[in-house]
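Since every read-out is calculated from the coordinates, none of them should be taken as a lab result. Predicted, not measured: the structure shown is a model, and the values here were computed from it. Here the Cβ positions follow ideal geometry from the backbone for every residue, glycine too, while neighbour counts run over all protein chains shown.
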Amino acid sequence: KKLTNIKFNLPYRTKVTLLITNSYGKVVDKLISCVQEPGTYELEFFADGLPKGTYFCHLVADNFSDTREMELT
């Protein structure tokens, strides 16, 4: 199994969207898109069936966004 744990922390209640895209910008998975309470979260991303390559994890919450690169080997 190809499994990655994605952790993030929210300082206050907000809508959160967490997307995984490939190197072409195509969304391959939407892990979450809902309002979350403050706290620390850990989501599992199963990459089974995806080809090797570079993927990106996009976290968007209120006026904050962050993108992390992931390499699938």
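For this structure, a couple of remarks:
- Scan of region 31-73 for residues that are surrounded by 14 or more Cβ atoms within 10 Å (Cβ to Cβ), aromatic (Phe, Trp, Tyr) and free of Cβ contacts under 8 Å to residues at least 24 places away in the same chain, ordered by number: none
- Residue check, residue 27 in contact with a Ser or Thr (Cβ under 6 Å, 6 or more places away or on another chain) and in contact (Cβ under 8 Å) with a residue 40 or more places away in the chain: no
- Qualifying residues in region 29-67 (those that are over 21 Å from residue 14 (Cβ atoms) and aliphatic (A, V, I, L, M)) - the one farthest from the chain's Cα centre (by Cα): 50
- Being among the basic types (Lys, Arg) and under 10 Å from the mean Cα position of the chain (by Cα) is a condition met by no residue of region 9-27.
- Taken together, the residues in region 21-40 that are in a strand (DSSP E or B) and closer than 17 Å to residue 64 by Cα amount to 7.
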